[in-house]
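Structure first, then comments.
The values are calculated or read from the model by the stated rules, or taken from the named source; none is laboratory data. Just so it is clear, the model here is predicted, and its values are computed rather than measured. Heads up, the Cβs are rebuilt from the backbone with ideal geometry, glycines too, and the neighbour counts pull from every protein chain shown. Surface areas here come from the heavy atoms of the whole protein model, side chains and all, with no ligands, DNA or RNA. Shrake-Rupley method; radii C 1.70, N 1.55, O 1.52, S 1.80 Å.
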Amino acid sequence: MSKKKSGHIAIPFLATLFIGLIIIGGAAMMLIKYLNREEPLTEAPAKDVKTVTEENDHTVLLILSTPEQECKSTFVLMRSMPKDKKILFIGIPANTIAVIDGKQRRIEDAFREDGKGARAADFVEKVFGVPVERYMTFNSDAFRRACDMTGCVSAFPVDIQFGSFKGDGSRENLSSEQMETYATYSLFPGGEPDRAFKSAALMQYMVNGADARAVADHLEANFDQMINHSGIFTNITRSDYNNVKHAIKYMFECKSEFNSITIAEAYKLNTEKDAGKDFIISKSQIDELKKKYFTSEEN
């Protein structure tokens, strides 16, 4: 059973958290001193050098849950591929349904069964047929905190009218509060699929707009800052973090611009299935996605 405050957040989260939903903050003074310490340079033994391979690829289900706003949860599946310096964000509509273990289920209902993320991750794993062993759920405060640590989003094409935004597609800078409002907006023209896809795009802009060097340099500090946040539910552990932190640092240190993509660019979904009704992803669409991005992890 997952804990509300795991005390152990994996790097997948940070790759996300450095996104937005995943998320770079000011480094702690001790870390700054540590990074600036003067020590004679010594050649590291070959056995200590960690290479980045496809085995470092990881998948995390990110969830924004704001029941106080009477809005459906927001689900984004993040596929991080450090060796290729790519991050894939897949927006999953909250009204997605599938037959699982002989019963028709909806991802939003699965999430509400525990309110933490384990049931929703199990739903996605069975629908997509790929391992989704880690999840991270944010409440409103945690989401805003993560966005503020990252620097939020710049030059995002806002296509809905809210606050001072005209909704004409003009590129705008969004604060953490505005990002949350956008991601939880319930009146997107294309319904839940539209909201899911745009939420994934929001994460894409967050990652590509982040200061890559700062992310790499302050990785440990930000992990520690978020580790005890009461608004985060996760099953990510310190061991998970240690296993992939070198790969995440590599991904950000070598980054010029992430080859991030949203679900709309990964494959076309049956948007006509929506219009306020249940949403269905076809098997052929899932197979296409798996073949392109999950070949090493298919069940």
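Things worth noting here:
- Pairs exceeding a 19 Å alpha-carbon distance, out of 83/249; 126/198; 116/290; 86/126: 126/198; 116/290; 86/126.
- Peptides 203-212, 184-193 ordered by average Cβ neighbours within 10 Å, highest first: 203-212, 184-193
- Efficiency of FRET from Cβ geometry, residue 166 and residue 238, R₀ 35 Å, rounded to 0.05: 0.15
- Whole-angstrom Cα spans of the stretch 76-176 along principal axes, big to small: 47, 35, 25
- Sequentially through the stretch 126-143, phi angles give Karplus couplings (6.51, -1.76, 1.60; θ = phi - 60°) of 6, 6, 8, x, 10, x, 10, 7, 10, 9, 8, 10, 10, 8, 4, 5, 5, 4 Hz, Gly and Pro residues having no value and appearing as x.
- Here the 3J(HN,Hα) profile of the stretch 235-247, calculated from phi with Karplus coefficients 6.51, -1.76 and 1.60 at θ = phi - 60°, is 10, 6, 10, 4, 5, 4, 4, 4, 6, 10, 4, 5, 6 Hz, Gly and Pro shown as x.
- Residue-wise HN-Hα coupling along the stretch 150-158, computed from phi with Karplus coefficients 6.51, -1.76, 1.60 (Hz; x: Gly, Pro): 7, x, 6, 10, 10, 6, 8, x, 7
- Spin-label model, residue 173/residue 284: points 7 Å from Cα along the beta carbon direction are separated by 4.6 nm.
- Largest to smallest accessible area among 76, 52 [probe 1.4 Å]: 52, 76
- Proximal charge balance of residue 240 [Cβ under 10 Å; K/R count +1, D/E count -1]: +2
- Relative contact order of the stretch 171-260, defined on C-alpha pairs under 8 angstrom at six or more residues apart (%): 32
- With R₀ fixed at 25 Å, the C-beta to C-beta distance from residue 109 to residue 292 puts the FRET efficiency at about 0.30.
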